[in-house]
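Below is one structure, written out as structure tokens; comments come after it.
The values are calculated or read from the model by the stated rules, or taken from the named source; none is laboratory data. What you see is a predicted model, and the numbers here were worked out from it, not measured in a lab. Every residue, glycine among them, receives a Cβ derived from its backbone with ideal geometry; neighbour counts consider all protein chains shown.
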Amino acid sequence: MTVPFPESGRPPAAVPLSPAERAKARAKLARKWAGQISTTEYVPLEPEEFQRTLDAMVDALVDAARAEPFQAHPATAHGAELVAAGCTGPAALQHTMDVLGKGLLALPELAGLPRAAERVVLLLGALAAGYSEAVRLHTLSQQDTMLKALRVALQDTRRELVLAHGRFEHLLAGTSSGVAVTDAEGRFTLVNDGLAAILGQPKEELSPGSLFEVSHPEDVAALRNAYRSLLSGRVARVRNEHRLVRADGERVWAMLSLAAVRPGEPGAQLVAVVEDSSELKLLQGQMNRQALHDRLTQLPNRQYFGSNLERVRRQADPSTGITLYHLDLDGFSLITHGLGRGVGDLVLDTVARRLKAVVAGEEAMVARFGADEFALLVRNGPGTPDVVRMIQRITAALAEPLYVGDSGLAATACIGVVDRPARDLTAEELLEAAELALARAKRNGCAQWALYDPFQDARDREWASLAAALPGAWETGQLTVTYQPLSTMDGERLLGVDALLHWDHPRRGPVRHELCAELAEQTGLIMTLGVALLRKACAQLRDWRERLECDLPVHVPLTANQAADPDLVGHIRSIVDSTGLPADRLWLGMPAPALVNPGGEAAENLRLLAAAGVRIELLEFSTTAADLACLEDLPVRAVRLAGWLVERQAHRTGQDTLVAGALRELSRLVRATGVRVVVAGVDTPEQAEWWRSIGADAARGGHFAPAGSPERFEELLKPPSG
């Protein structure tokens, strides 16, 4: 088709655009075209290649629209090109018409072109015709290809069917699992040798029967439900544990897998695969028992005991309740270390049997919680012994000697008891309460027992929560170092400063140094915390020496574990070197009980530190001969009297008691050796005067000044005004 020139006889004048602008407008139209098609069609080409294809088509269509004479048939090839690019869906043609129908007319190059709309319509019509013809040819090609593929697939299927039948026969003959094909009523139509072996009868005898006949009567109903679900098509496969009955009447545990063939159709069949799991069931039972019982004593373990505790607690008579005993053998490691692990196991087994004998007449359970810990749970009845008599029986049973070779062994135990607990306590809370009661019993020594006390339990839990929160308190700055002056007994002169821990607990309030140190000792934080305290105290003293010309020594108390730390000497040398503090300005307090062994690590640390110039004072010093021996054998410069002695005397100030006389004599003996006597906890003028009267050299306490921040201590260093 051709279109004549306008009346002027010349082609229309082109819009005055640069080549770059024209290319940009065409590319924008092509991108929009590609985007519309890609959102609804799968295009097998890479996005860049597809974009280049559409760019070329847009260029060709614009050139065809502007060509003179105008011809629309070249656009037919572009429709076929779209199909070749993989755009064969109906949406592709629709998006092409929508985008190009508007987009071509909007191009500046076609603006002002006479009969532009007519030309665009004719071009798009030709493109659509080419697209439709290409789609028709493409469809015919696909149908032909598919027909050929179907012929090949049919041939392959026939071959595979023959091979599958052979493989199925081979599988039936070679597998140890039982396989059967049944009709909808469960009657066997095919049985392999494996199923015959599992059921203990020949295949010929099985064939007339059904799967329901060889199933355990209690499992038949579940099997019929499975058949109905499979035959109706509601489920595709059923697999569960099933019991079969052998020809000799023996029960067989099996894993039964069922699948339907042509469910919902006439003549539907089911394939059953039977795996004998009798041995696995037996092994599983043994493993379950091992998981819930102690291997050595065969007693229930903590997990099983806890679950049983919950059940017994619910079922117990409210008037009698239950009683829980938690035992920990005393000194059991001495047996294993001295006589070997085998003897230790024999003792544990003997303890288990004797504890079972103690409660043989009761509704009770004995368990081993691990290592040398046992538990007894008694469901109390009218004749059940009370706690005291039951503990007497336990103690008597354990005390009976067990002879191993020439050794007669006997066991004692600490026991925590929870008797008739409140019914609102959970099993876990009961076990925790018994553990806390046991811990209190062990603090009192060997062969002790303690009864659960809710108020004491709350205090123990508070103590445990403080210990657990201590590391975080140091990290967050709640735990700080405070300083308390050490003064002469008249308070006129400062002799030094004690560096002490102080915990400003958000709920409990201030926690003093002694409790902080004890908590750190229990949690193992004392090693890290002690070094940090030493470093901070020495750095603070160096600052005071430089700024205030203060030459007072700093006293830092150590715990027993710190005193025996093999790295203590190295830490002290590092701190003294890094701070530049003279060694004799550091006084370390070591607990006297930790120094009883003259060849121990603590005593060796003391000697090495004293030789390096560090001053040593004995803490917790009392009237014992062991403490006096430490004073005589070790290079110490001061003793700090035990806190319990100071507190005792604080309540008897002015009384001439036996302890007061001993303290006077002790002070005289200490001062006779040239060692200073220091008292901590002097809070009143009367106390200060009494300690001065018996010869104490220095003291700290509320009477002189409380512990405080470095800034507060600096106030004491300033000379009085006037």
Within region 365-382, track down each residue that is surrounded by fewer than 21 Cβ atoms within 10 Å (Cβ to Cβ) and either among the small types (Gly, Ala, Ser) or not assigned by TED's automatic domain parsing to the domain that holds residue 411 (or both). 370, 371, 381
Assuming residue 5 fulfils every condition listed in (1) in contact with a Gly (Cβ under 8 Å, 6 or more places away or on another chain); (2) at pLDDT below 85; (3) of a type in the set (Phe, Trp, Tyr) apart from one, which condition is it? (1)
I'd like to know if region 468-479 contains one or more residues that are outside the structural domain of residue 316 (by TED's automatic domain parsing), at pLDDT below 90 and closer than 26 Å to residue 309 by Cβ. yes
For region 594-631, what are the residues that are aliphatic (A, V, I, L, M), at pLDDT below 90 and not in a helix (DSSP H, G or I)? 596
Among 153, 126, which is the only one that is in a helix (DSSP H, G or I) and either among the hydroxyl-bearing types (Ser, Thr, Tyr) or within 20 Å of residue 101 (Cα to Cα) (or both)? 126
Looking only at region 87-108, how many residues end up being over 17 Å from residue 30 (Cβ atoms) and in contact (Cβ under 8 Å) with a residue 24 or more places away in the chain? 3
Looking only at region 276-301, filter to residues that are modelled with pLDDT of 70 or more and surrounded by fewer than 17 Cβ atoms within 10 Å (Cβ to Cβ); which one of those is nearest to residue 433 (Cα to Cα)? 292
Within region 428-450, identify whether any single residue is more than 29 Å from residue 345 (Cα to Cα) and either crowded, with 21+ Cβ neighbours inside 10 Å or not aliphatic (A, V, I, L, M) (or both), and answer yes or no. yes
Consider region 32-53. How many of its residues are surrounded by 14 or more Cβ atoms within 10 Å (Cβ to Cβ) and aromatic (Phe, Trp, Tyr)? 2
Region 59-99 - residue that is of a type in the set (Ser, Thr, Tyr) and part of a helix (DSSP H, G or I) and, of those, surrounded by the fewest Cβ atoms within 10 Å (Cβ to Cβ): 76
Consider residue 406 carefully, then state whether it is within 32 Å of the chain's Cα centre (by Cα), without any contact (Cβ under 8 Å) to a residue 40 or more places away in the chain, assigned by TED's automatic domain parsing to the domain that holds residue 331 and surrounded by fewer than 18 Cβ atoms within 10 Å (Cβ to Cβ). no
Just wondering, is there one or more residues in region 102-117 that are part of a helix (DSSP H, G or I), modelled with pLDDT of 85 or more and acidic (Asp, Glu)? no
Can you name the residue in region 676-703 that is in contact (Cβ under 8 Å) with a residue 60 or more places away in the chain and in contact with a helix residue (DSSP H, G or I) (Cβ under 7 Å, 6 or more places away or on another chain) and, of all such residues, is farthest from residue 497 (Cα to Cα)? 696
